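**Q** Please read through the structure below; I'll follow up with questions.
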Amino acid sequence: MKKTSLYRIITTGLLCAIAFAVMLLCHALPPVIPVLPFLKYDAKDVIIAIGGFIYGPLTSVVISVIVSLIEMLTVSSTGPIGLLMNVLSSVAFAGTASLIYYKKKTIKSAAVGLASAIFFTSAIMLLWNYFITPLYTGQRVRSLLLPYILPFNLFKSTVNAALTLALYKPVVTALRKAKLVPGAEENKMNKERSLTAYFMALALIIAAVLLILKVNKVF
C-alpha cells in the first residue's frame, strides 16, 4: 500500500471519529425550535464536508455512511429510516459542496459549492419529509414543512456552511503539520482570501440566527 493511500485512510478514519464526537455533543443540545423537540442541530456535516474538500466527494459519502451507521447502532432510535435520512442529508450537503469545490480549489468555488449545498439539502429534505416521513410519523408532519422544517434545514445547512468556511483552513493546516495530508492537498487561498472566507462565514451565521429567531417568533 502506498504511503499516501495509508495516510488517506488514517485521515478518513480520524475525520469519522471527529464527526461522530461532534454528533454526540450536538445530540445533547436543546432543540433549535422548542415546539418541535425532534429538530436538533447537528454539525457533523461540517467535518464530512471538510473531508470532501480534502479528498473529494467520494470521501464525504464514505464518512457519511460510516458515521450514520455508527449513530444508528449507538444513540439513534429511528433505525434504518433514520440511517437513510442521515446519509441522504449529509451526502446532499457535503457531497454537493465538495463536488463543486474539489474541481477548482478557490474561495469562489467553495462559496458556490456551499451555497448550492444549502439549497440542495433543504430541497431534498423537504421532499423526503413530504413523501417518506408521513409513512411512519403520520400526515401531521406535512403541515409543519413550510413553517418549521424548511427553515430549520436552511438554518442547519447555513450554519454548517459557515463553519466549513471558517474551519477548513485550520483543519487542513493541522493535518499537514501532522504529515497526514500532503502539501499538494492544501488550499491555495492567500491570507486575504482566508479573511474573505471568515467574513462570509460570519455573515452566514448572522443570517441563520436571524432566520431561526424569526421562526421562533422572537421578533
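Every number in this text was worked out from the coordinates using simple rules, so none of it is lab data. From a predicted model like this one, the values you see are computed outputs, not experimental measurements. Quick reminder, even Gly has a Cβ in these numbers, built from the backbone with ideal geometry, and neighbours come from all protein chains shown.
**Q** log₁₀ I(q)/I(0) of the chain at q = 0.15 Å⁻¹, via Debye over equal Cα point scatterers, no solvent, to two decimals?
**A** Evaluating at q = 0.15 Å⁻¹ gives log10 I(q)/I(0) of -0.96.
**Q** Label Ser77 and Ser143 with points 7 Å out from Cα along Cα→Cβ: what is the distance between them in nm?
**A** According to this spin-label approximation, the distance is 2.4 nm.
**Q** Also, I was wondering about something else. Is region 65-144 best put as rounded, prolate or oblate by its Cα gyration tensor, with a ≥ b ≥ c the root eigenvalues, rounded for a/c under 1.5, and otherwise prolate when a/b is larger than b/c, oblate when not? Each step should come with its number before you reach the end.
**A** On the way: a/c = 3.98, a/b = 1.63, b/c = 2.45.
Oblate.
**Q** Next question. I need the helices of the chain that pass two filters: whole DSSP H segments spanning 20 Å or more by Cα along the axis, and mean Kyte-Doolittle score no lower than -1.0. Present the calculation step by step, with values, prior to reporting the outcome.
**A** Details: long enough: 3-27 (36 Å, 1.42); 57-74 (26 Å, 1.93); 107-131 (36 Å, 1.41); 150-177 (40 Å, 0.63); 191-215 (36 Å, 1.59).
The qualifying helices are 3-27, 57-74, 107-131, 150-177, 191-215.
**Q** Ok, one more. Please give the charge dipole size of the chain, origin at the Cα centre, charges +1 on K and R Cβ atoms and -1 on D and E Cβ atoms. Round to the nearest 20 debye.
**A** On the way: 21 positive and 6 negative charges, 120 e Å.
So the magnitude is around 580 debye.
**Q** Can you give me the C-alpha center-to-center distance between region 1-63 and region 96-122, rounded to a whole angstrom?
**A** 17
**Q** Another question, if that's okay. Which residue fluctuates the most in the chain, going by a Gaussian network model with Cα springs under 10 Å, if the choices are Thr164, Thr196, Thr59?
**A** Of the options given, Thr196 has the highest mean-square fluctuation.
**Q** Full extension from Phe199 to Leu29: what is 0.36 nm times the residue separation minus their Cα-Cα distance, to one decimal in nm?
**A** Working: separation 170, 0.36 × 170 = 61.20 nm, distance 2.61 nm.
Contour length minus Cα-Cα distance gives 58.6 nm.
**Q** Cα extents of region 1-72 along the three principal axes, largest first, in whole Å?
**A** That works out to 52, 18, 15 Å along the principal axes.
**Q** Here is a follow-up. Please tell me the relative contact order of region 72-186 in percent, rounded to the nearest whole number, where contacts are Cα pairs under 8 Å and at least six residues apart. Walk me through the intermediate numbers first.
**A** Numbers: 79 pairs, mean separation 21.0, N = 115.
Once divided by the residue count of region 72-186, the mean separation gives 18 percent.
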